[in-house]
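Visitor: This is the structure I want to talk about, given as structure tokens.
The values are calculated or read from the model by the stated rules, or taken from the named source; none is laboratory data. Just so it is clear, the structure is predicted and the values come from calculations on it, not from any experiment. Please note: Cβ atoms are built from the backbone with ideal geometry, for glycine as well, and neighbour counts cover all protein chains shown. Note: accessible area is taken over every heavy atom of the protein model, side chains too, but ligands, DNA and RNA are not part of it. Shrake-Rupley method; radii C 1.70, N 1.55, O 1.52, S 1.80 Å.
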Amino acid sequence: MKNQIKWLGHSAFEIRTSKRKRILIDPWLSGNPLNGLNVEEFLSPDLILVTHDHHDHYGSDIPTLLKASEGLLFGQPELIARALAEGVSAKNIVNEGAGMNIGGT
């Protein structure tokens, strides 16, 4: 399998690597008018990268995507606090947001 990149609407992307890793970037899936796919198609990613904590980048599906998964979430401290408050397990968070700068306006 070759590396594959799929645009999911707005700033959301899915990357599948040749080593069968699945990476989601800014996975705004539910409510995204440009994404006609179901959230269930993206369950158990290996890594979720979120650029910032806006509804159209973080999305409400991250807890569902990581539930019962070994996947990891990487993001800024405020985003990580939100994910933890929404039920994402600390085991699914890279450094719990440590080492990144606090976001701005």
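Visitor: Out of all the residues in segment 7-20, which are touching a strand residue (DSSP E or B) at 6+ places or on another chain (Cβ under 8 Å) and either open to solvent by 90 Å² or more (accessible area, probe 1.4 Å) or not basic (Lys, Arg) (or both)?
Guide: If the condition is that a residue be touching a strand residue (DSSP E or B) at 6+ places or on another chain (Cβ under 8 Å) and either open to solvent by 90 Å² or more (accessible area, probe 1.4 Å) or not basic (Lys, Arg) (or both), then TRP7, LEU8, SER11, ALA12, PHE13, GLU14, ILE15, THR17 are the ones that fit.
Visitor: Pairs only if they're at least six apart or on different chains, beta carbon under 8 angstrom, first in segment 1-19 and aromatic (Phe, Trp, Tyr), second open to solvent by less than 40 Å² (accessible area, probe 1.4 Å); list them, first residue then second.
Guide: Filtered contacts from segment 1-19: PHE13/LEU24; PHE13/ASP26.
Visitor: Then there's this: Just to be sure I understand, how many residues within segment 50-67 are of a type in the set (Ser, Thr, Tyr) and open to solvent by less than 60 Å² (accessible area, probe 1.4 Å)?
Guide: Total meeting the criteria: 1.
Visitor: Scan segment 68-81 residue by residue and report those that are at pLDDT below 90, open to solvent by 10 Å² or more (accessible area, probe 1.4 Å) and not in a helix (DSSP H, G or I).
Guide: If the condition is that a residue be at pLDDT below 90, open to solvent by 10 Å² or more (accessible area, probe 1.4 Å) and not in a helix (DSSP H, G or I), then ALA68, GLN76 are the ones that fit.
Visitor: To continue, here is another question. Determine, yes or no, whether LEU84 is modelled with pLDDT of 90 or more, in a helix (DSSP H, G or I) and within 24 Å of GLN4 (Cα to Cα). Talk me through it step by step, then tell me what you get.
Guide: On the way: modelled with pLDDT of 90 or more: yes; in a helix (DSSP H, G or I): yes; within 24 Å of GLN4 (Cα to Cα): no.
So LEU84 fails the test.
Visitor: Now a separate question. Considering segment 48-67 alone, what residues qualify as being part of a helix (DSSP H, G or I) and in contact with a Gly (Cβ under 6 Å, 6 or more places away or on another chain)? Show your work before the answer.
Guide: Of the residues in segment 48-67, the ones part of a helix (DSSP H, G or I) are 55-58, 62-66.
Across segment 48-67, the qualifying residue is only PRO63.
Visitor: Considering only residues that are acidic (Asp, Glu) and within 17 Å of ALA90 (Cβ to Cβ), which ones fall in segment 49-78?
Guide: GLU70, GLU78
Visitor: Which residue, of LEU34, LEU43, LEU47, is farther than 17 Å from LYS21 by Cα, surrounded by fewer than 17 Cβ atoms within 10 Å (Cβ to Cβ) and among the aliphatic types (A, V, I, L, M)?
Guide: LEU34
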